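**Student:** Got a structure here, written out as structure tokens. Questions coming.
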Amino acid sequence: MRTTMNAIAAVLLILSVALAGCSQRPSGADGSAGSQSPASSPANPESVDASSGGDQIRLTVYSTMNETKNQEMMKSIAADFMKENPNIQVDFQFPGSEYENILKVKMAANDLPDVFDTHGWAVIRYGQYLADLRDEAWVSQLTDTIKPVVTGEDGKVHALVLSEAKDGITYNADVLEKYGIQPPQTFEELMNAAEKIKTESKGEVSPFYMSGVDNYMIGQFLDQYATSLLISPEQNDAQSLLDGTFDWNKWTPLAKSLLELKNKGYLNKDVLTAKFSDMPQRFAQGKVAFVIGGPSFADDVYKVNPNVKIGYMPVTSMVAGDSPNFSGGERYTMGAWKDGKHLAEAKKLIAFFAKPENMSKIANATKLPAGLKNIESSHEFSSYYEQYANVRVFPYFDRVYLPNGMWDVMCKTGTALLAGGVTPEQFSQKMKSEYERLRNQ
């Protein structure tokens with residue numbers, strides 16, 4: 001077993017080196033932020049000759065942002081930073097779905113990016129690798145809801161929160177209006193709305209859209225509704241999930257709810273082969289009603305049909321007597337590797353992103369609340385965040401109640417459920433066995 005594990009570790013390290021060498025040098029001669037391969041750098045990988053003479057420091061930044069427009073927005077802010085700091089080059093990497101696996105390899109090698117996105121794990125997973133930012137000027141402006149999320153028990157501040165997550169359900173307001181549907185508040189109302197849309201549209205409109213290729217969309221449903229089923233109600237299972245005594249048969253109703261979406265024709269028929277990137281066009285054409293998660297894809301919808309009205313609502317309750325909720329916490333962040341060779345410059349870059357004008361750009365691009373107070377934003381979802389300001393926000397289910405590695409289990413097993421590979425009961429047993437295995441590691 002030890003020999004096998006050593007072999008796996010060696011393969012992962014080789015993969016990490018290979019991935020690092022696949023990025024491209026920044027395009028153009030204006031110094032705009034891009035991705036540069038270490039393999040193409042000079043003998044000294046920490047500096048290159050600046051056009052003005054002397055050495056130029058290179059900062060590598062990893063981000064989980066997937067939308068191209070948001071990636072370009074981040075690069076544009078970095079470009080402004082480089083104009084003010086011509087001796088510093090900022091190289092962005094956006095690994096997409098491989099982000100988590102790449103970061104795990106880098107943690108094992110203690111060779112992390114200078115600045116990286118903690119994507120919800122600032123304290124629990126990345127805490128020992130991150131510099132303490134408590135003395136930075138922007139820390140006093142962290143919002144009351146997000147500051148505890150990125151602050152350790154010892155007072156250490158782990159990251160700048162660019163965007164707070166407040167995940168609910170994005171809906172096509174034109175579709176709901178066409179079929180006379182008000183935003184549902186309970187899961188039963190949501191299913192009734194789905195039936196009405198499917199029936200009256202004669203199957204032309206998919207009540208829900210998910211992707212088996214980008215299976216995080218399936219995981220998103222399970223994660224958000226696990227909160228509604230198991231955490232949000234007054235009588236809940238939070239403590240048993242934390243102490244390891246949870247009865248995993250209670251997961252079966254959630255698995256059945258997901259399977260019911262498919263069996264009743266409430267999901268896009270090509271759910272197993274569809275991609276996330278296919279969704280904005282269908283949404284723009286009025287062929288999709290609900291998407292579980294936030295509205296960050298809105299601008300891609302408007303490219304197809306600028307007149308579409310997109311709405312936003314909390315996750316519906318699942319238990320009688322309970323109320324809707326949001327899933328939240330860190331969404332996009334910037335933390336500094338504590339052992340980085342250019343820690344001072346990394347902190348300087350983070351402070352630049354914390355400027356109010358830059359935080360406003362990020363809020364308007366991501367359609368999410370900023371992680372700092374008094375940040376002005378003006379986008380079509382601002383009114384929804386104000387409307388639902390008093391709705392409870394729970395931390396993401398998997399980040400609090402499941403051991404590291406369970407997100408992937410949820411996504412893959414949820415996809416297998418829709419493909420007919422497992423039953424809801426088998427899904428629950430899979431969750432139980434993996435929960436126990438990973439918890440004991």
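The values are calculated or read from the model by the stated rules, or taken from the named source; none is laboratory data. Please read all numbers here as calculations on a predicted model, not as lab measurements. Virtual Cβ from ideal backbone geometry, glycine too; neighbours counted across all protein chains shown. When the accessible area is computed, the model is the full protein with side chains, heavy atoms only, and any ligands, DNA or RNA have been set aside. Shrake-Rupley method; radii C 1.70, N 1.55, O 1.52, S 1.80 Å.
**Student:** Just give me the residues in the range 413-429 being open to solvent by 20 Å² or more (accessible area, probe 1.4 Å), touching a Ser or Thr at 6+ places or on another chain (Cβ under 8 Å) and in a helix (DSSP H, G or I), in sequence order.
**Tutor:** Taking the range 413-429 and keeping what is open to solvent by 20 Å² or more (accessible area, probe 1.4 Å), we get 415-416, 419-423, 425-426, 429.
Add one more test, that the residue is touching a Ser or Thr at 6+ places or on another chain (Cβ under 8 Å), and what stays is 422, 425.
Once the filter is applied, which keeps residues that are open to solvent by 20 Å² or more (accessible area, probe 1.4 Å), touching a Ser or Thr at 6+ places or on another chain (Cβ under 8 Å) and in a helix (DSSP H, G or I), the range 413-429 yields only GLU425.
**Student:** Pick from the range 192-208 the residues that are of a type outside the set (D, E, K, R) and open to solvent by 20 Å² or more (accessible area, probe 1.4 Å): which of them is nearest to the chain's Cα centre (by Cα)? Can you show your working first?
**Tutor:** Residues of the range 192-208 that are of a type outside the set (D, E, K, R), as a first pass: 192-194, 197, 199, 201, 203, 205-208.
Restricting the remaining residues to those that are open to solvent by 20 Å² or more (accessible area, probe 1.4 Å) gives 192, 199, 203, 206.
Values: ASN192: 29, THR199: 33, GLY203: 31, SER206: 24 Å.
Looking at residues that are of a type outside the set (D, E, K, R) and open to solvent by 20 Å² or more (accessible area, probe 1.4 Å), I get SER206.
**Student:** Looking at (1) crowded, with 21+ Cβ neighbours inside 10 Å; (2) touching a residue at least 40 places away in the same chain (Cβ under 8 Å), can you tell me which one VAL301 breaks?
**Tutor:** Checking VAL301 against (1) crowded, with 21+ Cβ neighbours inside 10 Å; (2) touching a residue at least 40 places away in the same chain (Cβ under 8 Å), the one that fails is (2).
**Student:** Among TYR209, TYR179, which is the only one that is without any contact (Cβ under 8 Å) to a residue 24 or more places away in the chain and in contact with a helix residue (DSSP H, G or I) (Cβ under 9 Å, 6 or more places away or on another chain)?
**Tutor:** Working: TYR209 fails: without any contact (Cβ under 8 Å) to a residue 24 or more places away in the chain.
Just one listed residue meets the conditions, TYR179.
**Student:** Residue under question is VAL315, and the condition is that it be hydrophobic (A, V, I, L, M, F, W, C), over 22 Å from ASN70 (Cβ atoms), in contact with a helix residue (DSSP H, G or I) (Cβ under 7 Å, 6 or more places away or on another chain) and open to solvent by less than 10 Å² (accessible area, probe 1.4 Å); does it hold?
**Tutor:** Yes; evaluated as a whole, the condition is true for this residue.
**Student:** Looking at the range 71-79, is at least one residue in contact with a strand residue (DSSP E or B) (Cβ under 8 Å, 6 or more places away or on another chain), within 23 Å of TYR216 (Cβ to Cβ) and surrounded by 16 or more Cβ atoms within 10 Å (Cβ to Cβ)?
**Tutor:** Within the range 71-79, one or more residues are in contact with a strand residue (DSSP E or B) (Cβ under 8 Å, 6 or more places away or on another chain), within 23 Å of TYR216 (Cβ to Cβ) and surrounded by 16 or more Cβ atoms within 10 Å (Cβ to Cβ).
**Student:** Look through ALA165, ALA108, ALA137 and report the one residue that is surrounded by fewer than 21 Cβ atoms within 10 Å (Cβ to Cβ) and within 22 Å of GLY405 (Cα to Cα). So that I can check it myself, show each step before the final result.
**Tutor:** On the way: ALA165 fails: surrounded by fewer than 21 Cβ atoms within 10 Å (Cβ to Cβ); ALA137 fails: within 22 Å of GLY405 (Cα to Cα).
The conditions single out ALA108.
**Student:** OK, next. Specify the residue that is least open to solvent (accessible area, probe 1.4 Å); the eligible residues are those in the range 218-252 that are in contact with a helix residue (DSSP H, G or I) (Cβ under 6 Å, 6 or more places away or on another chain) and of a type in the set (Asp, Glu).
**Tutor:** Here the answer is ASP223.
**Student:** Can you find a residue that is in contact with a Leu (Cβ under 7 Å, 6 or more places away or on another chain) and not polar (S, T, N, Q) anywhere in the range 185-207? I'd like the intermediate steps shown before the answer.
**Tutor:** Of all residues in the range 185-207, those in contact with a Leu (Cβ under 7 Å, 6 or more places away or on another chain) come to 206.
Filter again for not polar (S, T, N, Q), leaving none.
The answer is no; no qualifying residue exists.
**Student:** Right, something else. When PRO280 is evaluated against the numbered criteria (1) under 30 Å from ASN364 (Cα atoms); (2) crowded, with 19+ Cβ neighbours inside 10 Å; (3) more than 20 Å from the chain's Cα centre (by Cα), which criterion, by number, is the only one it fails?
**Tutor:** PRO280 satisfies every listed condition except (3).
**Student:** Being out of contact with any helix residue (DSSP H, G or I) (no Cβ under 8 Å at 6 or more places or on another chain) and closer than 30 Å to PRO324 by Cβ is the filter; apply it to the range 148-162 and report the residue that is surrounded by the fewest Cβ atoms within 10 Å (Cβ to Cβ).
**Tutor:** To start, the set of residues in the range 148-162 that are out of contact with any helix residue (DSSP H, G or I) (no Cβ under 8 Å at 6 or more places or on another chain) comprises 148-151, 153-155.
Checking the rest, the ones that are also closer than 30 Å to PRO324 by Cβ come to 148-151.
Details: PRO148: 10, VAL149: 23, VAL150: 25, THR151: 19.
It comes out as PRO148.
**Student:** Is it the case, given these coordinates, that VAL409 is assigned to a helix (DSSP H, G or I) and assigned by TED's automatic domain parsing to the domain that holds THR273? Break it down into steps so the answer makes sense when it comes.
**Tutor:** Working: assigned to a helix (DSSP H, G or I): yes; assigned by TED's automatic domain parsing to the domain that holds THR273: yes.
Against the criterion (assigned to a helix (DSSP H, G or I) and assigned by TED's automatic domain parsing to the domain that holds THR273), VAL409 qualifies.
**Student:** For the range 381-404, give me each residue that is surrounded by 16 or more Cβ atoms within 10 Å (Cβ to Cβ) and assigned to a loop (DSSP other than H, G, I, E, B).
**Tutor:** PHE381, TYR388, VAL391, TYR396, LEU402, PRO403, ASN404
**Student:** From the list GLU330, GLU357, pick out the single residue that is among the acidic types (Asp, Glu) and without any contact (Cβ under 8 Å) to a residue 24 or more places away in the chain.
**Tutor:** Working: GLU330 fails: without any contact (Cβ under 8 Å) to a residue 24 or more places away in the chain.
On inspection, the qualifying residue turns out to be GLU357.
**Student:** GLU357 - would you say it is surrounded by 15 or more Cβ atoms within 10 Å (Cβ to Cβ), outside any loop (DSSP other than H, G, I, E, B), out of contact with any helix residue (DSSP H, G or I) (no Cβ under 7 Å at 6 or more places or on another chain) and acidic (Asp, Glu)? I'd like the intermediate steps shown before the answer.
**Tutor:** Details: surrounded by 15 or more Cβ atoms within 10 Å (Cβ to Cβ): no; outside any loop (DSSP other than H, G, I, E, B): yes; out of contact with any helix residue (DSSP H, G or I) (no Cβ under 7 Å at 6 or more places or on another chain): yes; acidic (Asp, Glu): yes.
Here the answer is no, as GLU357 does not meet what is asked.
**Student:** When the residues of the range 430-441 are filtered to those that are without any contact (Cβ under 8 Å) to a residue 60 or more places away in the chain and more than 17 Å from PRO253 (Cα to Cα), which remaining residue is most open to solvent (accessible area, probe 1.4 Å)? Walk me through it before giving the result.
**Tutor:** First, the residues of the range 430-441 that are without any contact (Cβ under 8 Å) to a residue 60 or more places away in the chain: 430, 433-434, 437-438, 440-441.
Next, only the ones that are more than 17 Å from PRO253 (Cα to Cα) stay: 433-434, 437-438, 440-441.
Working: SER433: 55, GLU434: 29, ARG437: 116, LEU438: 25, ASN440: 128, GLN441: 155 Å².
Restricting to residues being without any contact (Cβ under 8 Å) to a residue 60 or more places away in the chain and more than 17 Å from PRO253 (Cα to Cα), the top hit is GLN441.
**Student:** Condition check: surrounded by fewer than 20 Cβ atoms within 10 Å (Cβ to Cβ) and in a loop (DSSP other than H, G, I, E, B). Does GLU376 satisfy that? Don't jump to the end; show me each part of the working.
**Tutor:** On the way: surrounded by fewer than 20 Cβ atoms within 10 Å (Cβ to Cβ): yes; in a loop (DSSP other than H, G, I, E, B): yes.
For GLU376, the condition - surrounded by fewer than 20 Cβ atoms within 10 Å (Cβ to Cβ) and in a loop (DSSP other than H, G, I, E, B) - is met.
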